[in-house]
Amino acid sequence: MSLPPAPVLQALKKSSSSMANRSTPFVYNEWYVAAFSSEVTREFLPRILLEKRVVLFRTEAGEAVALSDRCAHRAYPLSLGKLEGDTIVCGYHGFRFNAEGDCIDVPSSAKCPRDLGVARYRVVERGPLVWIWMGNPDEADESRLVEQEWLSEANWAKSSGYFELQSNYISMHENLLDLTHLSFLHANTFGTPDYAKAAFKSEINDGYFALYRDVVPTTLPPLWAKPTGLEGCTTAARIVKSEFKSPAFHQVNVSFYDNKLPEAQRAVSRIKTAHILTPQTHSSCHYFIVHGRDFGLEDDSITQFMHENLFEAFNEDVEGMAALEQVWQTTSPDDMYEISVGADGPSVAMRRYIKQRADAEGLAKAAEPKVVSAPVRKEATV
């Protein structure tokens, strides 16, 4: 098979240049998930978030705190120190920091230097998640948090999990936005041959992108057929909506029912899955998952069955994205090109949106007044 002609290659590369990829700067002015609430305790939880070292812990009153994980003295990780009351004592030279990040004690000095400390990041807890804002503190508006009421509602049975994804977060968002790959990457778990060919429609708005796909009629894979009571049904419906809600949050919504029954007689089973992505580096990502269902709420065996099988399928994504990342890392930019098709519409729009936001943040930062350092005065040595 030959390569596309040179003019086509040039056009493809030009089109791709307007889309975010693994080297696009992060969007910092956004709420990301730092951890599950259950992970943040009175023990230090160190994390790398958007290439920044962060340490999370709880105060004695139970408030979640996120500080820069480096001592202001010699950059030793604060997470290797001790938590005494609501203060961190650095494990290198004993500098002490309060929960605001202020340095309040230097053992080797009679006086503690003023106005020295480490960054404290704004955090907000909602349901099972601890969200963090790592951009301009003046723009940390809680109203921009993604709507997620179902994560806290009792009428949804839930399970959760975490992967450290060895891939950039852009590729994973794209993976989630077009689920054509279910027929291939997930052929052994929850994919079916008819999924890729099912009709679809797109929704593209400013910062919101969705792909709808109705697979009707179909025979559900065991993962969905067994818990929904649709085993052996050849007239099942699988109604899917995949939504990009923010650079940190993606949600997949699916309804299942027997399509041969009149609408009034259908027992509709619904699931929601929150796929939550927080970049670690440009080639790795924290991948938090919360899965919920609105049926069989008291049946723990369904929860266990679905959790085990779903996370087997999600691991296929993890392995697939790691393989894709290796291609990006080892292929010369001169040899790399991408071809997009109709089903890629929302993901292309999403990538352009993220790049536009990253570029805008870069321009705003470049326009900030430059801090001019005072000349360093040489001290006499004796």
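Any read-out appearing in this document is the output of simple, stated calculations on the displayed coordinates, not a laboratory observation. Nothing here was measured: the structure is a model prediction, and the numbers come from that model. A quick note on method: Cβ atoms are made from the backbone with ideal geometry, for glycine too, and the neighbour counts reach across all protein chains shown.
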Give the relative contact order (percent, whole number) for the range 156-361; include only Cα pairs under 8 Å separated by 6+ residues.
28 percent
Order the peptides 17-23, 298-304, 117-123 from the highest to the lowest mean number of other Cβ atoms within 10 Å of their residues.
117-123, 17-23, 298-304
For Cα pairs less than 8 Å apart in space and 6+ apart in sequence, what is the mean separation divided by the residue count of the chain, i.e. the relative contact order in percent?
18 percent
Using a basic spin-label model with each label point 7 Å from the Cα along Cα→Cβ, how many nm lie between Ala225 and Leu297?
2.9 nm
Say each of Lys82 and Glu149 gets a label point 7 Å from the Cα, pointing the same way as Cα to Cβ; how far apart are those two points in nm?
4.8 nm
What is the angle, in °, between the Cα long axis of helix 300-330 and the longest principal axis of the Cα atoms in the chain? Nearest 10 is fine, range 0 to 90.
70 degrees
State which entries of Lys13/Lys245; Lys82/Lys355; Lys201/Lys365 exceed 29 angstrom in Cα-Cα distance in the structure shown.
Lys82/Lys355; Lys201/Lys365
Tell me, what is the percent relative contact order of the range 74-138, built from C-alpha pairs under 8 Å that lie six or more residues apart?
16 percent
As I understand it, the value is the acute angle between the Cα axis of helix 345-366 and the longest principal axis of the Cα atoms of the chain; what does it come to in degrees, rounded to 10?
10 degrees
Result for the chain, cysteines with no Cys Cβ partner under 4.7 Å, is Cys103, Cys112, Cys233, Cys285
Of all GluC sites (Glu not before Pro) in the range 1-94, which ones are in loop regions per DSSP and have a Cβ with at most 15 other Cβ atoms within 10 Å?
Glu43, Glu51, Glu60, Glu63
What shape does the range 156-361 have by the C-alpha gyration tensor, where a ≥ b ≥ c are the square roots of the eigenvalues, rounded means a/c under 1.5, and otherwise prolate means a/b greater than b/c and oblate the rest?
prolate
What is the Cα centroid distance between the range 1-62 and the range 84-125, reported in whole angstrom?
28 Å
Suppose every K and R has +1 on its Cβ and every D and E has -1 on its Cβ; what is the size of the dipole of the chain about the Cα centre, in Debye to the nearest 20?
940 debye
